[in-house]
Amino acid sequence: MASAPVRIVIVEDDDELRELLRRRIERADGLQLVRTYASGDAFLEHIEELTAQVVLMDINMPGKSGIDCVREAKVVKPEVQYLMLTIFENPAYIFQALCAGATGYLLKSTTTEELLEAIHDIHKGGSPMNSAIARLVVSSFQQETRQQINDELLTDREKGVLDGLASGLQYKEIAAKAGISTETVRVHVRRIYSKLQVNGRMEAVRKVYPGR
């Protein structure tokens with residue numbers, strides 16, 4: 001006995017892309033398109049009657065964003081899986097979407113084969129992501145972890161001195177701000193370099209503040 005098809009809803013404001021996604025779903029085996037929406041607001045108006053199992057959700061739309069839609073929809077229909085489709089390779093969008101309740105995140109440039117595979121994957125309990133998106137997630141996680149580790153190595157006083165270095169202050173300016181002597185600042189700087197295993201101001205700043 002064949003298993004029931006996965007029921008799909010598409011939320012996409014771009015008419016051409018929405019039509020493309022519709023055709024992809026309707027031609028695929030094992031999938032059933034339930035409905036399409038041109039805005040997040042229209043989707044939320046019908047959330048109570050939603051019978052889909054997977055929602056393909058755009059992020060940037062007029063009115064309510066896809067991320068806000070997922071956040072609100074998850075409260076009403078927590079069992080539904082949300083697969084974000086976007087042009088943005090942006091860690092901030094990725095984490096906001098995942099925190100809102102999305103289970104997968106794909107670029108709109110994803111091939112038909114990858115999209116269909118991702119839909120089946122998310123329905124079976126997976127969390128599909130393009131390799132480019134996965135690398136961004138891993139990279140952002142690694143940077144955050146490195147910063148936490150580096151921060152824990154330093155005392156509060158050393159962190160204050162390093163903040164001064166990062167702001168471009170001279171030793172005497174850091175000393176005046178902290179109410180300590182310039183020589184004490186030099187001692188802290190040497191300890192900072194030793195703990196972080198770096199040889200200079202810029203290297204220390206970049207190691208603790210990767211974005212600077």
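Readers should treat all values here as calculations from the given coordinates under stated rules, not as data from a laboratory. Because the structure is predicted, anything quoted here is derived from the model rather than measured. Neighbour counts run over all protein chains shown; Cβ positions are idealised from the backbone, glycine included.
Here are the numbers:
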item	result
Reachable aspartates and glutamates, given that their alpha-carbon falls under 15 Å from the alpha-carbon of K77 and they are not under 8 places away in the same chain	E45, E48, E49, D68
Cα extents of region 6-136 along the three principal axes, largest first (Å)	36, 32, 29
Whole-number percent relative contact order across region 6-136, with pairs defined as alpha carbons under 8 Å at least 6 apart	22
Inter-label distance for M202 and T110, nm, one decimal - labels placed 7 Å from Cα along Cα-to-Cβ	4.1
Residues of type lysines that K195 reaches as a straight line, Cα spacing below 30 Å, ignoring anything fewer than 8 places off in the same chain	K159, K172, K177, K207
Cut-off under 5 Å, modelled amide H: who pairs with T36 long-range	I10
Spacing of the two label points (7 Å from each Cα toward its C-beta) at Y193 and L153, in nm	1.4
Karplus (6.51, -1.76, 1.60) ³J(HN,Hα), θ = phi - 60°, over region 109-124, in Hz, Gly and Pro reported as x	7, 4, 5, 4, 4, 5, 5, 5, 5, 5, 5, 5, 5, 5, 5, 8
Three-way shape label, region 154-208, alpha-carbon gyration tensor, a/c 1.5	prolate
Karplus-derived HN-Hα couplings along region 73-81 (A = 6.51, B = -1.76, C = 1.60, θ = phi - 60°), whole Hz, x at Gly and Pro	5, 4, 5, 7, 10, x, 7, 6, 9
Phi-based couplings in Hz for region 31-46 (Karplus 6.51, -1.76, 1.60; Gly and Pro marked x)	10, 9, 7, 8, 6, 10, 10, 8, 7, x, 5, 5, 4, 5, 5, 10
